[in-house]
Amino acid sequence: MSIVHAFIPVLIPAIEIFAIAFVLYHLLSFFWNTRAMDLAAGTLVFLVFFSLANWLNFPVLQTIMRYFVNAAVIGLLIIFQPELRVALSKLSMKGKKYEKLTEFDKFLDGLCNSVYRMSERRIGAIIILENQDSLDEYAAKAVLLNAHFSSELVESIFMNSSPLHDGAVIVRGTTVLAAAVILPLADDTSQITRSMGTRHRAGLGITQHSDALSIVVSEETGKVSIAREGIMTRGVRADRFKGVLRSLFTPQEESSTVRSRLQKWLGAWRHS
């Protein structure tokens with residue numbers, strides 16, 4: 001027993017170091033090559049300035065920086081909500097070799113690759129992701145496809161040589177429902193700048209009439225914009241793009257599986 005007690009002071013720091021390294025590794029794997037890494041660099045610079053203010057004993061600067069931290073924490077939780085949700089949803093004790101690539105993951109990867117390939121080549125496009133509100137009234141007046149989603153299909157639709165490129169594409173689940181869709185234009189043009197055209201007005205307009213999400217690729221600048229609930233965000237990067245879509249479109253299979261597990265656990269807890 002004396003030998004065990006002698007090793008305890010040595011084991012506790014080693015376990016703590018291992019736990020901290022494990023957490024840091026997974027945090028970096030979640031946020032690497034995302035905007036959160038830029039945030040980490042900015043936070044480090046802020047901490048350096050804060051340490052200098054304490055060391056040089058600048059009371060006014062210290063007070064201002066403390067107030068800034070209180071407001072910044074709330075702001076960061078709002079701005080990075082999609083990324084945080086994705087990161088928390090990935091927390092699992094299972095190894096990566098046991099992770100299953102779902103149909104939604106494949107669809108999201110294909111959509112992201114397709115959108116940003118068109119962005120690089122400056123191919124104008126507008127893709128509408130249907131949510132709870134049905135978009136059948138717009139699809140009925142367009143060219144019905146009912147085709148399984150693929151990157152090649154979407155990119156071929158928006159090529160200038162395609163007769164379907166002039167209009168929007170509606171995606172329902174993982175199915176390309178219709179192409180050459182005519183959408184209502186936005187009434188409020190306060191978010192539309194001179195560099196934006198009819199494509200952006202249409203992408204914003206459909207979100208003012210439904211809960212759909214629209215993805216717009218600018219033909220002039222190649223920038224990717226996302227519109228939802230009448231609000232358009234320009235210049236969305238690929239990592240942010242995936243985070244937003246994951247936070248808004250939870251696959252039915254995953255949600256039903258989580259719900260069934262919760263019900264099973266609650267039932268077992270009640271009978272225990």
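Taken together, the values in this text are just the output of simple stated rules run on the coordinates, not laboratory data. Remember, it's a predicted structure, so these values are computed and weren't measured experimentally. Cβ: placed from backbone, ideal geometry, glycine included. Neighbour counts: every protein chain shown.
Taking the average, over residues, of other Cβ atoms within 10 Å as the packing measure, peptides 167-176, 198-207, 222-231, 134-143 rank 198-207, 167-176, 222-231, 134-143 from highest down. Calculated on C-alpha atoms, the gyration radius of region 103-249 divided by its Kirkwood radius gives an Rg/Rh of 0.91.
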